[in-house]
Amino acid sequence: MFSRLINSHTNKEEVIHDIFENFPLPVFYKNEENKILTNRAFDEFTGANRQKVLKRLLGTNRMHKRSFETKIENDIGKTIDAIVYISDIGDREENTELGIIVDISEKNRAKETMQLLKERYELATNGSNEGLWDWDIKTDTVFFSNRFKEILGILGKPVQNSIKIWLDRIHPEDKIKVVHKLEDHVNAKSDTFYCEHRVLIDGVTKWVEIKGKVSRDREGHPQRIVGFLTDISEIKHAQIALKNSEEQFKLFMKNLPAGAFIKDQDHNIIFSNRYLNDFFGVDTLVGRNVKELLPPEDYASLVDKSELIMQHGMYTCEEKLIDKEGHEKYFQTHRFLIRKDGKSLIAGIFADITDQKLTQNKLNILAHYDLLTNLPNRALFQDTLMRKISKAKRNKTRFALMFIDLDNFKMINDTLGHDYGDLLLQEVAKRLTSILREEDLVARLGGDEFTVILDDIKDTAYPSIVAQKLIDTLSQPVKLRDEMGYIGASVGIAVFPDDADNREDLIKNADMAMYSAKTGGKNIYRYFTEDMNADAKERLELSNDLRSAINNNQLRLYYQPIIDTRTNTLYGCEALVRWEHPKYGIVTPDNFIKLAEEGGFMAKIGKWIIQQACAQLRIMESLGLSVRIAINISSKQLTQNHLEHTLKTIINETAVNPRLLELEVTESFLMENVKQVEIALSNLQKIGITTAIDDFGTGYSSLARLKKLPISKLKIDKSFIDDIPDDTDDMQIASTIIALAKQLGLSVVAEGVETKEQVDFLKEQGCHLMQGYYFSEAIAQEEFNTYLKNRA
């Protein structure tokens, strides 16, 4: 069994996914096949906008930058500023990327935040001297970090990522011992896996320390082992020097950049090197007892460790010591047993890891706490909530979850500026914290949204008392430098397990209760009730009504002209469907196309749109106009086998020129289904129908894939046009897309053009086909025909 596991191969993508799945910051990973993986924090951070965020991040022209700032729309529809760090990981030839997202919405703190995150990134990737190994026992795959490979002398070499790579390099005299210890740990015969052994690297012997910890499923079956490999050759050489030559030992210890000592069984120090002497501020520690140097509790712990060393021969741990100036220092301490003249002595080496510990603490703060308010952030809130749920289930107790949204915060932030908004948020954090018990939690999710967990409530009425107190406290005026701020708070309350028995539903219900409080007058609290599921019922109602929308003549096509700015003539138009609902009025495609796809009647609506568009082509031909009509095709329509047949049938029935019919497909769908889409578009091209890529720049296209697709046009997404000429990044992106289209021999259309400055810029860059409010909004069919007659 064990040898079979050793000889297996590594599924690197799965390993990387598993390693980063529980990373507290949002992370996305693109492998060499351009497949995208995201971790839990990313999905929770982006919510329903996950795909849109990925399109934007991976579509951003970074110009070889390792980090960039961007705007991301989160799961509740609010736009936030974020900094994205992207790094190539693995071997250079693999072309894989890892991205980390950090919320930096507070504009005035962006530079400071970026610097902190840069330090964190560099320290996290470069600061460790340990090589990571992750063996997935379940799938029989293994991952070695670059540092692990470097220690084994295989970095950059074409080797298999197999556990056999490590085992084959173990010194023959050590291999049986190592394998037995590993098997004992896998079989639950030891709490941890730890072993020191030699490895042979190109004829040179190294000493390494390998350690790991197995994780098991609920039945106790081993799932994986994750651990580290450390080159301890210097430490081992020191031990050898001790045994081989007292003079060499003294010389080595005198110059060793680490603390070293030897003590007897009564803890009297019989040797200390210069480093350790300087640390305690003495000429020598020889002759002193360790008890004189340590607090009583630390000395008691030392006695226990000494007993373990006498039993097992060595002991390694992290320890905290106080130096001569009273400063706390952290050390990685390696103690081992030596025998001299028939006596058992304990020797030890202290390696200073204070900087590493400080870095770890700093990373922990950055990962789990909001930089502005110092409150727990979304990631820590999610983890804490899971622990509270487990505790409540175990103890059969209740707790309450509150969602708090500040009323009138946006007005203060927009009116007085972000500096005042930051001061207000900091004061809110102080007031919330001052009200709650020590066992409760208050967290900032982002923006002006906070959450509170009231632990172990005895009475379901208690949260209302706290909620009212929170509202009263936050309603008090806030002194903001030379201004006074006045806000309120809308609070939603959900109780576990009364309102939900899992994290997702509890969060959703508390959020719905908060929304009810906000729409119910603000500055009040609401408990969750089942009546708050009205939105879900409305969605069901819309879905049912949509089934009969065609038969009831409720769908309408609007047309937005596409202008050739070189001649100021009508080049074409885009057909946009609208639903005139008898109860809700005009419903846009964003609110019903997904319902149609989920309900299985998108084909019916799609056929109706094609019929209406072809009928419109006939009208335009009768006016002597040769004008194209572009139709948006959903992903499901394009991959359904009957689309080609439907188009052929309607074109034959209406006798229109198929070359005047153009299909628009989103970039993201094209790139996700290249083979399937290539076949479908090729078949449509044969009957004369052209294809355009809609919303180009928001997906993650590659030139190699674009070249394979039978497309004729790129449409620059409106989001890249909106801020021209104010945003130089958008100008650069638009210019790049235009240049790319020219290189590929494709036409290019700019969407959402609204100003003359935008028109002039696009014309200068060589883009002459445009649509947007600058030329005309989308026009209902009857008005559009009048528009056409005037044009004709």
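Think of the chain as having a plus end and a minus end, set by charges on the Cβ of Lys, Arg, Asp and Glu; of ASN187, LEU37, SER390, ASN187 sits farthest toward the positive end of this dipole. Against the main long axis of the alpha-carbon atoms of the chain, helix 728-744 sits at an angle near 70°.
Per-residue accessible area (protein heavy atoms, 1.4 Å probe) orders CYS767, CYS317 as CYS317, CYS767, starting from the largest. Kirkwood hydrodynamic radius of the chain, from the reciprocal of the average inverse Cα-Cα distance over all distinct pairs: 31.8 Å. Place a +1 charge on the Cβ of each Lys and Arg in the range 306-421 and a -1 charge on the Cβ of each Asp and Glu, then give the dipole magnitude about the Cα centre in debye, rounded to the nearest 20. The calculation lands at about 900 debye. The relative contact order of the chain, computed from alpha carbon pairs under 8 Å that lie at least 6 residues apart in sequence, is 7 percent. Of MET770, MET484, the order by accessible heavy-atom surface (1.4 Å probe, DNA, RNA and ligands excluded), from most exposed downward, is MET484, MET770.
With both residues required to sit in the chain, DSSP beta bridges show an antiparallel share near 85%. Around GLU209, with a cut-off of 10 angstrom between Cβ atoms, what is the net charge of the other residues, counting Lys and Arg +1 and Asp and Glu -1? Once all neighbours under 10 Å are counted, the net charge is -1.
Note on ALA188 and ASN502: the model spin-label points, each 7 Å out from Cα along the C-beta direction, lie 2.7 nm apart.
For LYS263, a cut-off of 17 angstrom between C-alpha atoms picks up these lysines, skipping any fewer than 8 places away in its own chain: LYS243, LYS250, LYS254, LYS291, LYS305, LYS340, LYS343.
For LYS396, the lysines whose Cα comes closer than 16 Å to its Cα, not counting residues fewer than 8 places off in the same chain, are LYS388, LYS458. Taking the C-alpha atoms only, the angle from helix 12-21 to the longest principal axis of the chain is near 80 degrees.
Ignoring ligands and nucleic acids, what accessible area does ARG216 show with a 1.4 Å probe (Å², nearest 10)? The value for ARG216 is about 80 Å².
Compute the helix-to-body angle for 233-244: its Cα long axis versus the longest principal axis of the chain, expressed 0 to 90° and rounded to tens. Around 10 degrees separate the two axes.
Solvent exposure of the chain amounts to 49 Å² per residue of accessible area, where only protein heavy atoms count and the probe is 1.4 Å.
Using a cutoff of 8 angstrom between alpha carbon atoms and counting only pairs six or more residues apart, the relative contact order for the range 138-279 works out to 13 percent. Among residues other than ARG394 with Cβ under 14 Å from its Cβ, the summed charge is +3 (Lys and Arg +1, Asp and Glu -1). Placing +1 on the Cβ of every Lys and Arg and -1 on the Cβ of every Asp and Glu, with nothing else charged, gives the chain a dipole about its Cα centre of roughly 1600 debye.
For the range 402-475, the relative contact order comes to 34 percent (Cα pairs under 8 Å, sequence separation of at least 6). Accessible surface of the range 289-404, 1.4 Å probe: 49 percent of it comes from carbon and sulfur atoms.
Net length available on complete extension from ASN289 to THR569 is 91.2 nm, with 0.36 nm assigned per residue and the Cα-Cα distance removed.
Local charge for LEU302 was computed over the other residues whose Cβ lies under 15 Å away, with Lys and Arg +1 and Asp and Glu -1, and equals -3. Ligands, DNA and RNA left out, the 1.4 Å accessible surface of the range 518-639 is 46% carbon and sulfur atoms.
The values are calculated or read from the model by the stated rules, or taken from the named source; none is laboratory data. Worth saying up front: this structure is predicted, and the values here are computed from it rather than measured. Glycine gets a Cβ as well: all are built from the backbone with ideal geometry, and neighbour counts include every protein chain shown. Just the protein is used for accessible areas: all its heavy atoms, side chains included, with ligands, DNA and RNA removed. Shrake-Rupley method; radii C 1.70, N 1.55, O 1.52, S 1.80 Å.
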